[in-house]
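Undergrad: Before I ask anything, here is the structure I am working with.
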Amino acid sequence: MKRLPLLLLVLLALPLFSFGQTGNLEGIVYDAETKKPLADAVIFIEKYNIGSSSDEAGRFRLRGIPEGETTYMIAILGYEMYAQKAIITPGKTTKVTANLVGSTVNLDEIVVHAFNAHNEQNISKIDIKLRPVVNSQEILRMVPGLFMGQHAGGGKAEQIFLRGFDIDHGTDIGLTVDGLPVNMVSHAHGQGYADLHFVIPELVEAVNFEKGPYHANKGNFVTAGWVNFKTRDVLDRNFAKIEGGQYNTLRAVTGINLLGQELRKKGQSAYIAGEYSYSDSYFDAPQYFNRANVQARYSGELSENSRLSVTGSHFWSRWNHSGQIPDRAVESGQISFFGAIDDTEGGETSRSNFNAQLLTQTSGGGLFKNQVFYSNYNFELFSNFTFFLEDPINGDQIRQKEGRSLFGYNGSYNFPTRIGNANGNTTFGVQYRQDLVSDVELSNTRNRSEIKNRIQYGNVQESNLGVYADENIQFSRRFAMNIGLRYDFFTNAYTDHLQEGQKSSASAGILSPKLNLYYTPNDKFQFFLNTGRGFHSNDTRVVVPQNGKDILPAAYGSDLGVIWKPFPRLFINTAFWYLWLDQEFVYVGDGGVVEPSGRSQRYGIDFSARYQVFDRLFADLDLNWANPRSVDDPDGENYIPLAPRFTSVGGLTLVGPEGFNGSLRYRYLATRPANEDYSISANGYFVADLQLNYTKKNWEIGLNLQNLLNTRWKETQFATESRLFDEAEPVEEIHFTPGTPFFGRASFTLFF
């Protein structure tokens, strides 16, 4: 079947017409095999240059169509073009249903367009499957320019780097899963702590992301950007997978449909999936890493105009880890590159989630979205950053612990509008989140069993109410605009158990305007200007003693860029960006404080290219340069520690429904300053990975090779002052967690 180049982008480059005798076309787009609704499909009538896109429920509406017989077409990347005739009656709405058949990805089908230009970028499930992925957290690496590092044996949330930020574990990037918040406010280990390990990688269908604070429906932590994981509504097939590899590594995962084929054909789906992982890992001291995940999900149509999805999940993990080790201990031979100073570090964490979303279509083409969520979360971590600096006899081990209930609501109403001769789309939304954190603790401990003294100990109550309005307007065949306004109000309260239950509180609000412009002169170019104000909240334990000062430091961002398709199979996206923060924060883990470090500015260039070498072979390249600096410090002393300056990611991916497929990839992080005057450097690294699969209809075998070249590299690095047991004076130098050596794993998957 002939395919329609997703040129449908061209839609926006086409004039708008007015007709006397007109009617409307309304419908819903499904995946033909799974019967799940397809969002962001492009629907248009070429003859009249009229178009739209499907919403989250797969529904669309075209207005002002001349009477008579007409042909409408639907296209979405990864599906065959759909073309069908419809009879349009003046003053009435013709209703249709479209079932799209899946196909291979073809970059020929992508054309630069202005229609729906403000929508987020999508990462396909094909990329997620073929690129080397150890866990769901590593799927974040598919966001161009985003790097991560693990420094706690695989059980703790990874450290994140993006756009000149050392984001720590989530201070400046907003992470969600199906709209469920991942970032933890006022967390025992640091503000914004975001642990994605409760997501089973095989259940991730897509990842939506955007860099910068440019979307009105995104609030706290969205300064460098945001990422939303979309998990599957429907399992294509039942599956069972087993993996095994070096270092006593074992992983088993399965997913099973709970409803029969007949019910699935009627739009009803339910499945359950489970995952178990174990590894001693590559450190000298075994990690005894354990993780268990289970998720159940129902998705289905309650009526012709409403769709419900309900998800329940539980996650548990326990591990030991070797912590960060100092350069001098390795260079002297005291320990090996994979050794430990304090091998009693480790932790345990769990999270149970409930997430329900109801989508309701109105007769006028609007969409109501109502979502409620709840999480019960527990966390305990033992660390030792400074060894014997504070306590030369027993050591400096600390415990960070908390129990949390998190619940909230996301609601919105989206509807089509007409502003003069321009088509528009309006959204009003409200979001609420409440965190109740009990016994948030930071204590000095010994051998995990003895509490020497408590540094912090109390309860946190924090609420965030956000309201927003957002408008997308198509002024002409070339020019589109998005304008948004958001207001957030925070209430913070802390009960201090160390001060006889003394309770104090503070509150603050922030207004965040957004303005985004898109100009598309033809089907090969699009110029865009994104501007907006965002923010990240500060830790309750810090803002309450300061009577609310600096609860919500603002961030001001702008992207000026171009999307360009110079050749049919080459797609380029590049942007110059700038970001200003009213206040940076540095978390001091062993001190239980968040230190303000003044204003900062960052600017840089992002470059991404995707090229289809052959029908089944794809190449990609991301180059990201940033210049992060503190504003209030003198030149030469204004470097932002650990902030990345240059990164590059790229590789080759071979795709196909059967036979060999896989991916060969590299990632490069350049050397960067480890302290404010750059007297200490965090060394860069280059690492290559290989994923190779052989796929048949009912089974698949796979081979995953991490660090293909067996590079010796430091995954995370910190300039830390510490003292070893036999040292008279402390030393400040690089402390690091070693990166994975050559690590091979094999897998077998059965589909049934």
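The values are calculated or read from the model by the stated rules, or taken from the named source; none is laboratory data. Only a predicted model underlies this, so the values are computations on that prediction, with no experimental measurement involved. Glycine also receives a Cβ, built like all others from the backbone with ideal geometry; neighbour counts cover every protein chain displayed.
Undergrad: Residues in the range 226-241 that are under 22 Å from Tyr271 (Cα atoms) and either touching a Leu at 6+ places or on another chain (Cβ under 8 Å) or surrounded by 18 or more Cβ atoms within 10 Å (Cβ to Cβ) (or both): how many? Give the steps one after another, and end with the answer.
TA: Step one: of the range 226-241, the residues under 22 Å from Tyr271 (Cα atoms) are 228-241.
Checking which are either touching a Leu at 6+ places or on another chain (Cβ under 8 Å) or surrounded by 18 or more Cβ atoms within 10 Å (Cβ to Cβ) (or both) leaves us with 228-235, 239-241.
Total satisfying the criteria: 11.
Undergrad: Kindly establish whether Arg486 is crowded, with 18+ Cβ neighbours inside 10 Å, in contact with a Pro (Cβ under 7 Å, 6 or more places away or on another chain) and under 23 Å from Leu359 (Cα atoms). Break it down into steps so the answer makes sense when it comes.
TA: Working: crowded, with 18+ Cβ neighbours inside 10 Å: yes; in contact with a Pro (Cβ under 7 Å, 6 or more places away or on another chain): no; under 23 Å from Leu359 (Cα atoms): yes.
In short, no.
Undergrad: Let me ask something else about it. Could you tell me whether any residue of the range 144-167 is touching a Lys or Arg at 6+ places or on another chain (Cβ under 8 Å), under 17 Å from Gln400 (Cβ atoms) and at pLDDT 95 or above?
TA: Scanning the range 144-167 turns up no residue that is touching a Lys or Arg at 6+ places or on another chain (Cβ under 8 Å), under 17 Å from Gln400 (Cβ atoms) and at pLDDT 95 or above.
Here's the yes/no breakdown for (1) free of Cβ contacts under 8 Å to residues at least 40 places away in the same chain; (2) assigned to a strand (DSSP E or B); (3) surrounded by fewer than 19 Cβ atoms within 10 Å (Cβ to Cβ):
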position: Asn353; (1), (2), (3): no, yes, no
position: Ala356; (1), (2), (3): no, yes, yes
position: Gln371; (1), (2), (3): no, yes, no
position: Phe379; (1), (2), (3): no, yes, no
position: Phe385; (1), (2), (3): no, no, no
position: Asp396; (1), (2), (3): no, no, no
position: Thr417; (1), (2), (3): no, yes, yes
position: Asn425; (1), (2), (3): no, yes, no
position: Leu436; (1), (2), (3): yes, yes, yes
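Undergrad: Let me ask something additional. With at pLDDT 95 or above and more than 21 Å from the chain's Cα centre (by Cα) as the only criterion, which of Tyr432, Tyr409, Tyr413 stands out? Show your work before the answer.
TA: Values: Tyr432 fails: more than 21 Å from the chain's Cα centre (by Cα); Tyr409 fails: more than 21 Å from the chain's Cα centre (by Cα).
Criteria check complete, one pass: Tyr413.
Undergrad: Confirm whether Arg723 is within 28 Å of the chain's Cα centre (by Cα) and in the same structural domain as Arg328 (by TED's automatic domain parsing).
TA: Working: within 28 Å of the chain's Cα centre (by Cα): no; in the same structural domain as Arg328 (by TED's automatic domain parsing): yes.
Answer is no for this residue.
Undergrad: How many of the residues making up the range 522-536 are of a type outside the set (Phe, Trp, Tyr), touching a strand residue (DSSP E or B) at 6+ places or on another chain (Cβ under 8 Å) and modelled with pLDDT under 95? Don't jump to the end; show me each part of the working.
TA: Quick first cut of the range 522-536, residues of a type outside the set (Phe, Trp, Tyr) only: 522-524, 526, 529-534, 536.
Checking the rest, the ones that are also touching a strand residue (DSSP E or B) at 6+ places or on another chain (Cβ under 8 Å) come to 523-524, 526, 529-534, 536.
With modelled with pLDDT under 95 added as a condition, the list becomes 523-524, 526, 536.
Residues flagged as of a type outside the set (Phe, Trp, Tyr), touching a strand residue (DSSP E or B) at 6+ places or on another chain (Cβ under 8 Å) and modelled with pLDDT under 95 within the range 522-536 amount to 4.
Undergrad: Exactly one of (1) touching a residue at least 24 places away in the same chain (Cβ under 8 Å); (2) surrounded by fewer than 14 Cβ atoms within 10 Å (Cβ to Cβ); (3) outside any strand (DSSP E or B) is unmet by Asp726. Its number?
TA: Asp726 satisfies all of (1) touching a residue at least 24 places away in the same chain (Cβ under 8 Å); (2) surrounded by fewer than 14 Cβ atoms within 10 Å (Cβ to Cβ); (3) outside any strand (DSSP E or B) except (1).
Undergrad: Restricted to the range 461-483, and to residues that are at pLDDT 95 or above and in contact with a helix residue (DSSP H, G or I) (Cβ under 9 Å, 6 or more places away or on another chain), which residue is surrounded by the fewest Cβ atoms within 10 Å (Cβ to Cβ)?
TA: Among residues in the range 461-483 that are at pLDDT 95 or above and in contact with a helix residue (DSSP H, G or I) (Cβ under 9 Å, 6 or more places away or on another chain), the one surrounded by the fewest Cβ atoms within 10 Å (Cβ to Cβ) is Gln461.
Undergrad: Can you tell me which residue within the range 149-195, out of those that are of a type in the set (A, V, I, L, M) and either surrounded by fewer than 24 Cβ atoms within 10 Å (Cβ to Cβ) or under 19 Å from Tyr432 (Cα atoms) (or both), is farthest from the chain's Cα centre (by Cα)? Steps first, answer last, please.
TA: As a first pass, look at the range 149-195 and keep what is of a type in the set (A, V, I, L, M): 152, 157, 160, 162, 167, 173, 175, 177, 180, 182, 184-185, 188, 194.
If we keep only those that are either surrounded by fewer than 24 Cβ atoms within 10 Å (Cβ to Cβ) or under 19 Å from Tyr432 (Cα atoms) (or both) too, we end up with 173, 175, 177, 180, 182, 184-185, 194.
Details: Ile173: 8, Leu175: 5, Val177: 8, Leu180: 12, Val182: 9, Met184: 14, Val185: 17, Ala194: 10 Å.
Across the range 149-195, the extreme among qualifying residues is Val185.
Undergrad: Of all the residues that make up the range 611-638, how many are free of Cβ contacts under 8 Å to residues at least 24 places away in the same chain and in a loop (DSSP other than H, G, I, E, B)? Talk me through it step by step, then tell me what you get.
TA: To start, the set of residues in the range 611-638 that are free of Cβ contacts under 8 Å to residues at least 24 places away in the same chain comprises 614, 625, 634-635.
Okay, now just the ones that are also in a loop (DSSP other than H, G, I, E, B), so 614, 634-635.
Final tally of qualifying residues: 3.
Undergrad: Kindly provide the set of residues from the range 28-53 that are at pLDDT 80 or above, crowded, with 23+ Cβ neighbours inside 10 Å and either more than 35 Å from the chain's Cα centre (by Cα) or farther than 23 Å from Ala206 by Cα (or both), ordered by number.
TA: Matches in the range 28-53: Phe44 only.
Undergrad: Tell me which residues, restricted to the range 306-348, are under 30 Å from Ser269 (Cβ atoms), in contact with a Ser or Thr (Cβ under 6 Å, 6 or more places away or on another chain) and among the polar types (S, T, N, Q).
TA: Ser306, Ser309, Ser317 - these are the residues of the range 306-348 that are under 30 Å from Ser269 (Cβ atoms), in contact with a Ser or Thr (Cβ under 6 Å, 6 or more places away or on another chain) and among the polar types (S, T, N, Q).
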